[in-house]
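The values are calculated or read from the model by the stated rules, or taken from the named source; none is laboratory data. Every value quoted in this text rests on a predicted model; they were computed, and no experiment measured them. Note that we place each Cβ from the backbone using ideal geometry, even for glycine, and neighbour counts take in every protein chain shown. For the accessible areas, the whole protein counts, side chains as well, though only heavy atoms, and no ligand, DNA or RNA atoms are used. Shrake-Rupley method; radii C 1.70, N 1.55, O 1.52, S 1.80 Å.
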Amino acid sequence: QVQLVESGGGLVQPGGSLRLSCVTSGTSFSRTTMGWYRQAPGKQRELVATRTSSSTANYADSVKGRFTISRDNAKNTVYLHMNSLKPEDTAVYYCNAWNLWGTYWGQGTQVTVSS
């Protein structure tokens, strides 16, 4: 059974930073594209960033230069480093795993950017 467990969300002031983590089990992490998506209230889920098994990264235009996705294959973990956070970054952030065997989602972690 594939499991993705996110952590690291919370409340932060505008301009602050957070790091999200997602630990994956039950699949071949090194052969999996990992990503982060987010869903704000009343909006559709959207891509934030992905990093492939060969470590190619892709970012939404809205987060380029502020967010960094990284992965540690030894720990089966993907991270999202978020800097210069804005109120419009407020959303539930979901970890995603995609490989030859399927697509998997975590339960989500809330990020709230507010003063």
Any idea which of (1) in contact (Cβ under 8 Å) with a residue 24 or more places away in the chain; (2) open to solvent by less than 50 Å² (accessible area, probe 1.4 Å) is the one Leu11 doesn't satisfy? (2)
Which count do you get for residues in the stretch 58-76 that are open to solvent by 70 Å² or more (accessible area, probe 1.4 Å), more than 13 Å from Phe29 (Cα to Cα) and more than 13 Å from the chain's Cα centre (by Cα)? 3
Need pairs with beta-carbon distance below 6 Å; first residue without any contact (Cβ under 8 Å) to a residue 60 or more places away in the chain and over 23 Å from Ser53 (Cβ atoms) and within the stretch 99-115, second in a loop (DSSP other than H, G, I, E, B) and not β-branched (Val, Ile, Thr); sequence gap 6+ or separate chains. none
Please verify whether Ser53 is of a type outside the set (Lys, Arg), within 14 Å of Ala97 (Cβ to Cβ) and either surrounded by 12 or more Cβ atoms within 10 Å (Cβ to Cβ) or touching a Ser or Thr at 6+ places or on another chain (Cβ under 6 Å) (or both), treating the condition exactly as stated. yes
For the stretch 41-115, give me every one of the strands (runs of 3 or more DSSP E) that falls completely inside it and has 3 or more residues that are of a type outside the set (Val, Ile, Thr). 46-51, 57-59, 67-72, 77-82, 91-99, 102-105
